[in-house]
Amino acid sequence: MTQLGQLAKVLRSKNSGPFELTLDVLFDSEDRYRMVKDSGLITKKTVSELYGITEEQIHHLVFFDQALGFKITFARDISSGTVGDRDVYGAQQHAPLMVLDVGPMKEE
Amino acid sequence: MNTDIRILSPCGMLGYGFPEQSFLRGMEYELHGIVVDAGSTDAGPHKLGAGVSIVSKRAAKKDLDIIISNGVPRGIPIIIGSAGGSGAEKHVNWTLEIIREILEERGLEAKISVIWADFTQEEVLKASREGRIHPLSPNIPQLDEEAIRETSSIVAQMGHEPIVEALRQGSDIIVCGRAYDPSPFAAIGIYHGKDPGLSYHLGKILECGALCAEPGTTKDGILGTITDDAFLVQSLNPERRCSPISVAAHTFYEKEHPYILHGPGFTLDLEHCRFEEPEEGIVRVTGSRYLPADKYFIKLEGARRVAYRTFVVAGIRDPILIAKLEEVEACVKEGAQQYYRDIPDSDYSIHFYNYGINGVLGHKEPEKLRGHEIGVMFEVVAKTQELASSICATVRSTFLHYGYEGRKSTAGNLAFPFAPSDVEFGPVYEFSVYHLMESDRGAFRIEHI
């Protein structure tokens, strides 16, 4: 079993404006990037299950080959810094994605 | 035109600090602008709502002193984007005061231009009535008149247009109110006749300082060069290096999409960009496309006060209590509500944040509790500070002495790190305006002072 966090070089979360959170996953090897991209596991369905949100709340899920990375942007339940928010910068929302099991993977 | 245009970005946020050596290395090049971003909505709505800055005056002055004392004598235009953090009138004036102090202390003179980004409630109401206002994403409510009237401070993100105009007018220092972060950088390239797509893409990279290098940081300088068909990025600190991957990956940062960016009056399409390294540590980028929009929209930001807060931080070490903490908290909340049953529910709310259980992720937390100690923060947010503090005191005393089923530690449930335990926080704000407004390119007023 390999976790996404073990393969990625950067795996982070941050606000994309006060009403959205964005998750970035970046790799430093083309092979690892391809393995994850081609696994077909990175889908709106997977992310919605990880975060307990609906697929409609996910505004973007996009791979960018030149940067060896993908990005997932979803709606915040509560906008940044107001009553009930728990993470003003949205900087610690990445952990559930980090432990996503991306299956048995061959090392390059 | 085939003059290369060079822009120095000293750091990703004015007041975050940067190594002076990196800056001086940048000064060795023939520069066409020193541009620094001072703004962000990252720190939440409080800065805009309360009219305060993100960084200290001391830190902003320290950075600006290096920039001004080197740039002004050499006649290099200096541009500050989103002055004071949120770019509203108060923030701009705070920045101007610092600049005046530096000029006076250094015995320098400079032609200062200010580009205001404030919009009045009347202007926004009028736009709203004319159907010119739209939410930025599906989870943002439509803007109603009540929200506009309750929002005391509204700014909009400017594009490059007024900044280019201020450059044309021969300004030495341009202080921008709220700006789209890349715009003050893009303005330099566009003013010199360079491609707007390259200018904006470079701006998007430079606005974060050396974050596009490895190791990345907002607290160091970076140099951008625009040629006629490409732009180049390089670190000004030999301890960092830009690579095609680090620069390509940077467009991910804090944006909703990795290669489509929306700015005032345009979309930037970076899908087919090429990132190369013609010389070690210098990254060359081509293929950034600027697509003008049919209609000119600017992004409005506004914050309103929604409540006052009082909070308590405490630790819990008792294993019996930890095992049933959420159940106990529900009872404590109910007890306080019972005590204050004369006060309508809508006037206040009580929240518990259990660090060690799900303090960060809340209901999204998938992990089961494992720890032996919990940090609990509870707050009461209410219509007035007095109400918040009164109810919070009741929640605290109820929680401290609550006799839950199976309790053995009958002397007290909470370990307070401080005395007094209750902290009056003051007002809480929310982003009540985060909408697009259809406008024209001349919406931002330039003033010379």
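The values are calculated or read from the model by the stated rules, or taken from the named source; none is laboratory data. Note that the structure is predicted; figures quoted are calculated from it, not measured. Cβ placement follows ideal geometry from the backbone for every residue including glycine, while neighbour counts extend to all protein chains displayed.
Out of B:Ile205, B:Ile140, B:Ile173, one residue alone is more than 14 Å from chain A (Cβ to nearest Cβ) and among the β-branched types (Val, Ile, Thr). It is B:Ile173. Only one entry of B:Ser389, B:Ser349, B:Ser397 meets the criterion of being more than 14 Å from chain A (Cβ to nearest Cβ), of a type outside the set (Phe, Trp, Tyr) and in contact (Cβ under 8 Å) with a residue 24 or more places away in the chain, and that entry is B:Ser389. Taken over segment B:67-76, the criterion of being in contact with a helix residue (DSSP H, G or I) (Cβ under 6 Å, 6 or more places away or on another chain) and buried (at least 16 other Cβ atoms within 10 Å of the Cβ) is satisfied by B:Ile68, B:Asn70.
Give the residues of segment B:234-267 that are part of a strand (DSSP E or B), within 14 Å of chain A (Cβ to nearest Cβ) and surrounded by 23 or more Cβ atoms within 10 Å (Cβ to Cβ), sorted by residue number. The answer is B:Gly263, and nothing else. Being free of Cβ contacts under 8 Å to residues at least 60 places away in the same chain and closer than 19 Å to B:Ser246 by Cβ, is that true of even one residue in segment A:83-90? No, the conditions are met nowhere in segment A:83-90. Of all the residues in segment B:35-78, those that are within 29 Å of A:Ala91 (Cα to Cα) and among the aliphatic types (A, V, I, L, M) number 12.
Might you check whether a residue that is surrounded by fewer than 16 Cβ atoms within 10 Å (Cβ to Cβ), more than 9 Å from chain B (Cβ to nearest Cβ) and assigned to a helix (DSSP H, G or I) occurs anywhere in segment A:86-101? Checked against the condition, which is being surrounded by fewer than 16 Cβ atoms within 10 Å (Cβ to Cβ), more than 9 Å from chain B (Cβ to nearest Cβ) and assigned to a helix (DSSP H, G or I), segment A:86-101 yields no hits at all. When segment A:28-48 is filtered for residues that are under 12 Å from the mean Cα position of the chain (by Cα) and either among the charged types (D, E, K, R) or assigned to a loop (DSSP other than H, G, I, E, B) (or both), the ones remaining, listed by number, are A:Leu41, A:Ile42, A:Thr43, A:Lys44. Go through segment B:18-42 and give me each residue that's part of a loop (DSSP other than H, G, I, E, B) and buried (at least 17 other Cβ atoms within 10 Å of the Cβ). Once the filter is applied, which keeps residues that are part of a loop (DSSP other than H, G, I, E, B) and buried (at least 17 other Cβ atoms within 10 Å of the Cβ), segment B:18-42 yields B:Phe18, B:Pro19, B:Leu31, B:His32, B:Ala38, B:Gly39, B:Ser40, B:Thr41, B:Asp42. In segment B:1-24 there is at least one residue matching the filter, namely being charged (D, E, K, R), in contact with a Ser or Thr (Cβ under 6 Å, 6 or more places away or on another chain), within 19 Å of B:Leu206 (Cβ to Cβ) and in contact (Cβ under 8 Å) with a residue 40 or more places away in the chain.
Within segment B:142-160, the set of residues being over 13 Å from B:Glu430 (Cα atoms) and within 22 Å of the chain's Cα centre (by Cα) comprises B:Leu143, B:Val155, B:Ala156, B:Gln157, B:Met158, B:Gly159, B:His160. With respect to the conditions (1) surrounded by fewer than 20 Cβ atoms within 10 Å (Cβ to Cβ); (2) under 30 Å from B:Pro427 (Cα atoms), A:Ser79 lacks only one, and its number is (1). Going through (1) farther than 20 Å from B:Ser432 by Cβ; (2) modelled with pLDDT of 95 or more; (3) of a type outside the set (Val, Ile, Thr) one by one, B:Ser53 falls short only on (2). Looking at A:Glu56, is it out of contact with any Gly (no Cβ under 9 Å at 6 or more places or on another chain), within 9 Å of chain B (Cβ to nearest Cβ) and of a type in the set (D, E, K, R)? Taking the combined requirement at face value, the residue satisfies it. The criterion of at least 2 residues that are buried (at least 17 other Cβ atoms within 10 Å of the Cβ) and at pLDDT 95 or above is met by the following strands (runs of 3 or more DSSP E) wholly inside segment B:274-377: B:282-286, B:289-292, B:297-316, B:348-355.
All of (1) over 16 Å from B:Pro182 (Cα atoms); (2) at pLDDT 95 or above; (3) in contact with a helix residue (DSSP H, G or I) (Cβ under 6 Å, 6 or more places away or on another chain) hold for B:Ala249 with one exception: (2). With respect to the stated conditions, B:Tyr404 fails to be of a type outside the set (A, V, I, L, M), farther than 20 Å from B:Val313 by Cα and outside any loop (DSSP other than H, G, I, E, B). Being buried (at least 24 other Cβ atoms within 10 Å of the Cβ), within 14 Å of chain A (Cβ to nearest Cβ) and touching a Ser or Thr at 6+ places or on another chain (Cβ under 6 Å) is a property that does not hold for B:Gly159.
Applying the criterion of being among the aliphatic types (A, V, I, L, M) and buried (at least 21 other Cβ atoms within 10 Å of the Cβ) to the residues of segment A:9-23, the residue that is nearest to A:Asp77 (Cα to Cα) is A:Leu21. Just one residue in the set B:Glu280, B:Glu329, B:Glu276, B:Glu334 is touching a helix residue (DSSP H, G or I) at 6+ places or on another chain (Cβ under 9 Å) and over 20 Å from B:Ser199 (Cβ atoms); that residue is B:Glu329. Scanning segment A:60-69 for any residue that is surrounded by fewer than 20 Cβ atoms within 10 Å (Cβ to Cβ), of a type outside the set (Asp, Glu) and at positive phi turns up nothing. Annotation note: of B:Leu198, B:Leu223, the sole residue that is under 25 Å from B:Pro162 (Cα atoms), more than 14 Å from every other protein chain (Cβ to nearest Cβ), in a strand (DSSP E or B) and aliphatic (A, V, I, L, M) is B:Leu223. Beta carbons closer than 8 Å, at least 6 apart along the sequence or on distinct chains, pair a first residue in segment B:300-318 that is within 12 Å of another protein chain (Cβ to nearest Cβ) with a second that is among the basic types (Lys, Arg) and surrounded by fewer than 18 Cβ atoms within 10 Å (Cβ to Cβ) for B:Ala307/B:Lys383; B:Tyr308/B:Lys383.
Pick from segment B:401-428 the residues that are closer than 17 Å to B:Lys333 by Cα and within 38 Å of the chain's Cα centre (by Cα): which of them is surrounded by the most Cβ atoms within 10 Å (Cβ to Cβ)? Only one residue fits best here, namely B:Leu414.
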